[in-house]
Every structure is written in C-alpha cells, then in structure tokens.
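The values are calculated or read from the model by the stated rules, or taken from the named source; none is laboratory data. All values reported here derive from a predicted model rather than from experimental measurement. Glycine also receives a Cβ, built like all others from the backbone with ideal geometry; neighbour counts cover every protein chain displayed.
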4 protein chains.
Amino acid sequence: MTDTTSGAPNPPHGYADHKTDHLSRLHKVEGQVRGITRMVADDRYCVDVLTQIGAVTHALQEVALGLLDDHVRHCVRDAVLSDPAEGDAKLDEVALTLRRALRL
Amino acid sequence: MTDTTSGAPNPPHGYADHKTDHLSRLHKVEGQVRGITRMVADDRYCVDVLTQIGAVTHALQEVALGLLDDHVRHCVRDAVLSDPAEGDAKLDEVALTLRRALRL
Amino acid sequence: MTDTTSGAPNPPHGYADHKTDHLSRLHKVEGQVRGITRMVADDRYCVDVLTQIGAVTHALQEVALGLLDDHVRHCVRDAVLSDPAEGDAKLDEVALTLRRALRL
Amino acid sequence: MTDTTSGAPNPPHGYADHKTDHLSRLHKVEGQVRGITRMVADDRYCVDVLTQIGAVTHALQEVALGLLDDHVRHCVRDAVLSDPAEGDAKLDEVALTLRRALRL
C-alpha cells in the first residue's frame, strides 16, 4: 500500500499514459451511480434499476481491466526485465489480485 | 419501463420496505467510486486501486441482489397470486434480467 | 437436501418438463471437459485451453439458469399459491442460492 | 493455435511443471459433472443441483487461474525477456483472454 502524504506526490505508475482515460471513465461511473440512487429515490421499476446496476458493474470491470493491463505492461514488465526476484514478486501479486477479483 | 413525470410520483415498488437501506448502500457506493477516482488522480498503486474496484463491484451486487429479492417477494409474488398470465410475464422478466446480469 | 434411497425414486421436480434438455446439455459439458483434459495432456497452447474453459463455464451457467427458471416457475410458484409461509421459505432459499452463486 | 499432429508432440508449455496438478483437477471436474448429470437424471432437488454447479464452476476457475499464472510466468516472461515485440504480442493476447473470460 503506497501512501499519499500531501505535498509529496506518488511516482507516476504504469497507468500514467491512460490516466486521463481512466479518470473520465470513473467520472462517468460516478454519474451512473448517482443516477441509480435517483432511480431508487424515485421508486423506479426494480428491473430497470437492476439493468442500470449491470451497466455500471460492466463499466467498472472495463476500468479494472484497463488498469491491470497497464500494470502488467509497465510495472510487471519492468520488474521482470530488471530483476528476476522482483519480477516474481510482481507476478505473485498479480495472481493474488486476480484470484481476489474472481473470489477464488 | 415506468416513467417519472415530474409531480406524478411512481407508485411504491416492491423494494419500498427496504428503500432506506438501498439508498444508504448506494450513497456509500457513490463515496467509494469518488475514492477510486481520487486514487487514480493521486497516482496510487494500481493493485490497491483494483482491490477497491473489487470492493465496489461487490457492494453493487449486494444492492442488486437485495432489489431482486424484494422484487420477487412483492411484484412477482403478487402477480403470481392475482393472475397466472401476469405471473408468467413477471417470471419471464426476472429470468431475462438474470440472464443479462450473468451475460449469458 | 433430498436423499436418493435406491428403489425409492425422488418425486419429479420443477425441471421435469425440460429434463431431457438439461441432460443433453450436461452430456455435452462432460464431453467438453474431457476435451480440455485432453488438450492439457497434449500440451496444447495455454490460451486455447483457457478459451475452452470459458466456453464450458458459460455452458454450465446456461444449465444453472435453466434449472433455476424451472424451479421458480414450478416449486416456488406452487408454494406461493398453496401457502404463504411455504412460499416465503422457498423464496428465502432462492435468494440464498443466488447469493452463493454470486459469492456474496 | 498450435496443432497436434499425431506422432509429433507439442513442445512443453508454460504449465509443464504443474501439468499433473492441472490434470488431476480436471479429472475431478469430470467426475463432478457426471455427478450433476446423475442428480438431474435422478430428479434430485433443484437447489442441490445448483449448489453443485456452483462448485464445479469454482473448480474450473481455479484450473483457469493456475494455467494463466503458469502462462504469464513462463511464456509471457520469456517473450518479454527475449524480444520486446514478442513480449507485447503475448501481453496483448493475455489481455484479450481476460477480457473474453470476463465477457467484456
């Protein structure tokens, strides 16, 4: 877990190249979740709410996959190229992350 | 699809009893998504962001399951009890919703 | 959990109408899994094996959804129509089954 | 796609080290699927069948994750170390495989 002490920015990570894309997708997700809250507040039909929740889940998985792809292409690849032990550690971490994501 | 004409509130739906619960869960999800956006803006470590996306996906599925459960216990059950054809239609709709949710 | 004492057949269940369909899908899944075992035994390319595992998972979810649909349309509906308490119990059971299936 | 011409064995792949593990898990899955077929043939209670399908799906995902992990640790890593373009191609392939597995 990296920490974010104010004034001391984190080093740019593997997803730096696509950071704007990830952020704009996440802003869209924020809007979609607010939309769902509004649907429930307005007593909208349950099946329509479920359809929207499905769309948001899908959008979040797209963000996750994009971040994971950037991570493997940069952090993991750099570690593999620079040091076998560090490469192994990064690959272990990715395997664990996927396992948690799939709830295995 | 029910519509929401301003001034004319929708009739309360099957999830009316748990509406407050659903809304407070959704407000929490909104906060979690904003937190993820902030993590990406702050260049936080990719694996930590992925872990948070997993938590939000999980929270959304909890909301979806709660809504579906209320829907089946009220709308679907009422339809089944009042009219066989309407009960069938509601059950078809639930099957289709699950199929879409599972992307089959 | 119903038991299967030899000689005493279980009563036909909600999926009786589509039993032949479910069985033929399951026989197809058995063949697909044997195919995957053969691919691994033959050192086939990992990505091709993963694609096949995805196809089998999909096929199993189709069977599960078909069984669930039959279950709700017959067992659950009959319980709802015959006795409120029994209907509630069946709906609780379906909610729990979905929750387990989604690993919530 | 590698082909399997009889008599000409495929080269060992990234999962060679754990091949025995993968095969024994797959044999277990074969047995589980046959068990499910038998449950349906015997008119066993639908919810019990669904629980078993969930267990098999879980077991298949374990196999998939193990194969993917081996693939990344060997084929992908070797490609990354030997040639940047080949490394990129392997990483593209993994991203596409995950995307298909998650049905995005």
query: Pairs, please: C-beta under 6 Å, at least 6 apart or cross-chain, first residue more than 7 Å from chain B (Cβ to nearest Cβ) and in the stretch A:53-75, second surrounded by 20 or more Cβ atoms within 10 Å (Cβ to Cβ) and part of a helix (DSSP H, G or I)?
result: A:Ala59/A:Val29
query: Within the set of pairs 6+ apart or on separate chains, which have a first residue in the stretch A:30-41 that is without any contact (Cβ under 8 Å) to a residue 12 or more places away in the chain and on the phi > 0 side of the Ramachandran plot, a second that is crowded, with 21+ Cβ neighbours inside 10 Å and part of a helix (DSSP H, G or I), and C-beta atoms under 8 Å apart?
result: none
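Has the stretch C:78-94 got at least one residue that is of a type in the set (Ser, Thr, Tyr), at pLDDT 90 or above and under 15 Å from the mean Cα position of the chain (by Cα)? Don't jump to the end; show me each part of the working.
Quick first cut of the stretch C:78-94, residues of a type in the set (Ser, Thr, Tyr) only: C:82.
Now restrict to residues that are at pLDDT 90 or above: C:82.
So of that shortlist, the ones also under 15 Å from the mean Cα position of the chain (by Cα) come out as none.
Checked against the condition, which is being of a type in the set (Ser, Thr, Tyr), at pLDDT 90 or above and under 15 Å from the mean Cα position of the chain (by Cα), the stretch C:78-94 yields no hits at all.
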statement: Within the stretch D:21-34, of all residues that are more than 8 Å from chain C (Cβ to nearest Cβ) and loosely packed, with under 15 Cβ neighbours inside 10 Å, the one nearest to C:Arg38 (Cα to Cα) is D:Ser24
statement: Here the residues within the stretch D:25-75 that are charged (D, E, K, R) and closer than 18 Å to C:Gly54 by Cα are D:Arg25, D:Lys28, D:Glu30, D:Glu62, D:Asp69, D:Asp70
query: Where residues in the stretch A:76-100 are in contact with a helix residue (DSSP H, G or I) (Cβ under 6 Å, 6 or more places away or on another chain), among the small types (Gly, Ala, Ser) and surrounded by fewer than 20 Cβ atoms within 10 Å (Cβ to Cβ), which of them is nearest to the other protein chains (Cβ to nearest Cβ)?
result: A:Ala95
